[in-house]
Amino acid sequence: MDVNITSWALDSYMDLKSQNIFSDQEYKEILRPNVELLKAGLPLEHEKFRQNKFWGPVTDMSGMVVKGAYKMKWHNIGPGRVQLRLLIGIANDSAWLCEAFVKLSDKVDKRFAAKMKIRMKDLNEGNVILRGKI
């Protein structure tokens with residue numbers, strides 16, 4: 001499966017990197033290899049995708065699943081030992097990296113879920129800027 005980097009993902013990566021949220025080593029040894037697991041395609045067979053502490057659907061304020069939207073989750077990342085999230089849309093037989101953020105609270109998580117609803121609409125309509133592929 002193609003793993004596409006959107007402008008939203010690149011912008012959030014640059015923002016998190018500038019804040020030293022994660023190290024170069026964590027990116028190379030943890031984050032990037034985990035994202036590369038998506039390349040195997042659907043269904044996602046790797047055991048990590050069966051662990052709800054690593055992978056799960058995006059859910060909105062009412063607990064409803066945002067169709068086609070998922071998140072990768074990492075715990076204790078960087079010097080601040082934060083919870084890092086990466087929102088991923090599955091659309092048009094491809095994975096689209098949409099946005100990464102630090103989960104500070106459930107409210108922050110739900111705010112990004114609301115944004116992801118809009119991102120999924122944009123992805124399905126082709127309203128996305130592709131910045132690269134993994």
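Odds and ends about this structure:
- The one condition in (1) surrounded by 13 or more Cβ atoms within 10 Å (Cβ to Cβ); (2) more than 20 Å from Asn4 (Cβ to Cβ) that Ile134 fails to fulfil: (2)
- For region 14-22, the criterion of being loosely packed, with under 13 Cβ neighbours inside 10 Å and among the basic types (Lys, Arg) is met by no residue.
- Counting only strands (runs of 3 or more DSSP E) that sit completely within region 1-84, those holding 3 or more residues that are without any contact (Cβ under 8 Å) to a residue 60 or more places away in the chain, touching a strand residue (DSSP E or B) at 6+ places or on another chain (Cβ under 6 Å) and under 28 Å from Asn127 (Cβ atoms) correspond to 55-59, 65-77.
- Test for Ala95: is it hydrophobic (A, V, I, L, M, F, W, C), surrounded by fewer than 17 Cβ atoms within 10 Å (Cβ to Cβ) and in contact with an Asp or Glu (Cβ under 9 Å, 6 or more places away or on another chain): no
- Filter pass, Ala40 being closer than 21 Å to Val108 by Cβ and not basic (Lys, Arg): no
- Residue in region 26-49 that is under 20 Å from Gly132 (Cβ atoms), among the hydrophobic types (A, V, I, L, M, F, W, C), surrounded by 15 or more Cβ atoms within 10 Å (Cβ to Cβ) and touching a helix residue (DSSP H, G or I) at 6+ places or on another chain (Cβ under 7 Å) present: yes
- Flag for Asp106 being buried (at least 17 other Cβ atoms within 10 Å of the Cβ) and without any contact (Cβ under 8 Å) to a residue 12 or more places away in the chain: no
- Residue match in region 104-111 (condition: under 17 Å from Ile134 (Cβ atoms), at pLDDT 95 or above and either hydroxyl-bearing (Ser, Thr, Tyr) or in contact with a Phe, Trp or Tyr (Cβ under 8 Å, 6 or more places away or on another chain) (or both)): no
The values are calculated or read from the model by the stated rules, or taken from the named source; none is laboratory data. These numbers were taken from a predicted model, which means no experiment stands behind them. For neighbour counting, all protein chains shown are included, and Cβ atoms are generated from backbone atoms with ideal geometry for every residue, glycine included.
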